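The values are calculated or read from the model by the stated rules, or taken from the named source; none is laboratory data. These numbers come from a predicted model, not from an experiment. Cβ coordinates were reconstructed from backbone atoms using ideal geometry, including for glycine residues, and neighbour counts include every protein chain displayed.
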């Protein structure tokens, strides 16, 4: 038992000096950003603003209710703990201390996400440390990570849990071990409980366990483990809604209609600017007038479509790298686990069009795939110095452009907060 507890903490937290350095670097950078915003602005939490203050995040609504049960089945319980902890620290007040606590919880989650991705690059792909550091720095300034580092939302915790589970599952596949029913159930409840569309992703690594389709005992064991995890999840979900399962279908249909019928922008441009782009490279912003249904008016900020050819070029180059990595590593089971998960999000948002006009907020479900696939591309050419140099140069140039673009857009975000949220 003692060994299991130690291994559990080693899995989640930094366990080497390089991992600790990554953690300290990001928790410091994100911490400075989040602390400044919490101290000087009320945008992280304002009791009058339930949703959409910035980029369609629902900070107050999520903290108070966990979000809608049909999309976030069990997050009600999770955010009860988050809210009560923040109120305990702030002495029951939703003041600057309350905002600061929420920001630092988010900061901790995103910083640990960086550690999980770094561990994957170092221990699963086994890249040279300089390459792992370049990739993690590149990943660290993705727009999703910057925003989620101070945002108390489902996506903040989902991103951490997905990266943690992917690293854990990758270790199991490397050791040719089965993922225990307990781990599957816990992952299904936490990951699927925060966002229902991620529930199936938990079982993808099971498909690649050694000898699964060659031995009926292994197949039967896998079915039992999946069945146990599913039953645990479903029972908790039904208990959350007092077993009124008919509400799931009616509410889900309403949500789909609400978030899938947007005709004001070209579909291809929303896919490029929002789904593939907005999670990584900030586009320009649009301000809108909002109200809380109770007479209070406020300003909201949304992402716009890209207006620069350089932004489209950036995303195209990144997608070429990801596609190249997938084709080069097609027979790699770790790569298949990652990409099957990604394809699920593409189907939901790009093909079914659910939330496509605001798909930049869903980055927490899949944005970690980019650094991992870039890592596998480096791995595929580890014996080719010329291509390794080319890839290093390409990522370095993308990093420079991303750094200056996102830095400039964050200055616009600060102007927005300075003007409307002091």
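Just checking, which of 243, 249, 227 is out of contact with any strand residue (DSSP E or B) (no Cβ under 6 Å at 6 or more places or on another chain), in a helix (DSSP H, G or I) and modelled with pLDDT under 95? So that I can check it myself, show each step before the final result.
Values: 243 fails: in a helix (DSSP H, G or I); 227 fails: modelled with pLDDT under 95.
Every option except 249 fails the conditions.
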- prompt: List the pairs whose first member sits in segment 67-92 and is on the phi < 0 side of the Ramachandran plot, whose second member is in a loop (DSSP other than H, G, I, E, B) and surrounded by fewer than 17 Cβ atoms within 10 Å (Cβ to Cβ), and whose Cβ atoms are under 7 Å apart, counting only residues at least 6 apart or on separate chains?
  reply: 69/241
- prompt: If you go through segment 380-388 one residue at a time, do you hit one that is touching a helix residue (DSSP H, G or I) at 6+ places or on another chain (Cβ under 6 Å), touching a residue at least 40 places away in the same chain (Cβ under 8 Å), assigned to a helix (DSSP H, G or I) and more than 18 Å from residue 55 (Cβ to Cβ)?
  reply: yes
message: Just to be sure I understand the filter: pairs with C-beta atoms under 7 Å, separated by 6 or more residues or on different chains, first member in segment 158-185 and farther than 20 Å from residue 376 by Cα, second member at pLDDT below 95 and not in a helix (DSSP H, G or I). Which pairs pass?
response: 158/195; 178/209
- prompt: Do you know which of the residues in segment 173-186 that are assigned to a helix (DSSP H, G or I) and within 22 Å of residue 332 (Cβ to Cβ) is farthest from the chain's Cα centre (by Cα)?
  reply: 174
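Residues are listed down the side, and each one gets a yes or a no for (1) at pLDDT 95 or above; (2) part of a helix (DSSP H, G or I); (3) touching a helix residue (DSSP H, G or I) at 6+ places or on another chain (Cβ under 8 Å):
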position: 88; (1), (2), (3): yes, yes, no
position: 97; (1), (2), (3): yes, yes, yes
position: 100; (1), (2), (3): yes, yes, yes
position: 104; (1), (2), (3): yes, yes, yes
position: 109; (1), (2), (3): yes, yes, yes
position: 114; (1), (2), (3): yes, yes, yes
position: 127; (1), (2), (3): yes, no, yes
- line: Residue hits (segment 295-341; more than 23 Å from residue 356 (Cβ to Cβ), outside any strand (DSSP E or B) and without any contact (Cβ under 8 Å) to a residue 60 or more places away in the chain) are 295, 324, 325, 327, 328, 329, 330, 331, 332, 335
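Residues checked against (1) more than 26 Å from residue 275 (Cβ to Cβ); (2) touching a residue at least 12 places away in the same chain (Cβ under 8 Å); (3) over 21 Å from the mean Cα position of the chain (by Cα); (4) surrounded by fewer than 21 Cβ atoms within 10 Å (Cβ to Cβ):
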site	(1), (2), (3), (4)
1	yes, no, yes, yes
4	yes, no, yes, yes
22	yes, yes, no, no
39	yes, yes, yes, yes
62	no, yes, no, no
- request: Give the residues of segment 194-206 that are part of a helix (DSSP H, G or I) and either within 17 Å of the chain's Cα centre (by Cα) or at pLDDT below 95 (or both), sorted by residue number.
  value: 194, 196, 197, 198, 200, 201, 202
- prompt: Among the listed residues 368, 343, which satisfies the condition of being modelled with pLDDT of 95 or more and either buried (at least 24 other Cβ atoms within 10 Å of the Cβ) or touching a strand residue (DSSP E or B) at 6+ places or on another chain (Cβ under 7 Å) (or both)?
  reply: 368
